[in-house]
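Written below as structure tokens is the structure these notes are about.
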Amino acid sequence: MTHEEDFTFAERREVFEELGPYRLIQNRRGGFRLTRDTILLTEFLSPLDKDDSVIDLGTGAGIIPLILAWKSPAVNIVGVEVENGAASLARRNLELNGLSSRAGIVERDFRGLPQIYPEGAFTVVVSNPPYTKACSGRTSPVKERAIARSEVLGNLTDLINVSSYLAGKSGRIFYIFPVIRLFEMLDEVKKAGLRARRLKFVHTNPKKAAKLFLIEAGRAGELKVEDPVFL
């Protein structure tokens, strides 16, 4: 039997979990982990077609690309991650599951994507972004957690503007975000020349107000408020 001391420090920090037909490597202490929010977001943007090109802004360990590779026929999926450790882990997750031909990882600050992609390069832009504004509340001293949870590298305005550029005239944009920032989200969507097309509220307690919302935005369309989700 192999003892814990035989593993490297990095390996001891990691855990293997099942994700449908795939195996998922996650950092035990990092901020980029599979959450209920991620599952809700991927369900909200489904279904996808084989011809869809998808980009996930702030992909972390590459969980959204893995789920989309499992749940959809899309063959052009890109995850963008600025944090080196998370980007490396995302690449390993894709390689481990034989998905490198369908999905790839770009290690870059998402704000620089207009320098490498033409406008309208993707039909679907998705992000489970940090929920907390920079300098609002306590920021984790762990870099990976801070990037995952707080807007230390780009704010909501940056995210929506870059998403709008990547989606172009006909692409679709999907986020999950706290209800407390709903008005801010709708205001920024409008400023970017976009329209909210779909809204779905997420309740963690059926007797209490929703804490999260899912939104689809695009250049055209009328708003539809869908039936809420009760967890």
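In the chain, the longest principal axis of the Cα atoms and the axis of helix 84-96 are about 80 degrees apart. The angle separating the long axis of helix 156-167 from the principal Cα axis of greatest extent in the chain is about 90 degrees. Spin-label model, R195 to E226: label points 7 Å out along the Cα-to-beta-carbon direction sit 1.8 nm apart.
Listing E107, E81, E95 from fewest to most neighbouring C-beta atoms within 10 Å gives E95, E107, E81.
For F32, nonlocal amide neighbours, meaning residues 5 or more places apart or on other chains whose placed amide H falls under 5 Å from its own, do not occur.
Could you estimate the translational diffusion coefficient of the range 167-231 from the Stokes-Einstein equation, with Rh from the Kirkwood formula over C-alpha pairs, at 4 °C and 1.567 mPa s, in whole µm²/s? Please list the in-between numbers first.
Working: Rh = 12.2 Å.
Answer from the Stokes-Einstein relation: 106 µm²/s.
With contacts taken as Cα pairs under 8 Å and at least 6 residues apart, the chain reaches a relative contact order of 16 percent. With neighbour counts taken as other beta-carbon atoms within 10 Å, the residues S164, S100 rank, fewest first, as S100, S164. Of interest is the spacing of the C-alpha centroids, which for the range 168-185 and the range 72-106 amounts to 23 Å. With the helix formula -39500 (n - 2.57) applied to DSSP H stretches of n ≥ 4, the chain reaches a computed 222 nm mean residue ellipticity of -8000 deg cm²/dmol. Once backbone amide H atoms are built at 1.01 Å from N, R172 has V124, V125 as its partners under 5 Å, excluding neighbours fewer than 5 places away on the same chain. Grab the beta carbon distance between R92 and Q115, set R0 = 35 Å, and tell me the FRET efficiency rounded to 0.05. Approximately 0.85, to the nearest 0.05.
Hey, which of these cross-link pairs are over 18 Å Cα-Cα: K133/K211; K71/K200; K50/K200; K200/K224; K50/K71; K191/K224? Cα-Cα > 18 Å for K71/K200; K50/K200; K191/K224; rest within. Summary value for the range 188-231: 47 percent relative contact order, contacts being C-alpha pairs under 8 angstrom separated by 6+ residues. Once Cα extents along the principal axes in Å is calculated for the structure shown, the corresponding label among [x] 52, 45, 29; [y] 60, 40, 32; [z] 76, 34, 32 turns out to be [y].
Quick note: the coordinates plus some simple rules give every number you see, no bench work behind them. Keep in mind the model is a prediction, meaning the values are calculated, not measured. Ideal geometry is used to build each Cβ from the backbone, glycine not excepted, and the neighbour counts take in all protein chains shown.
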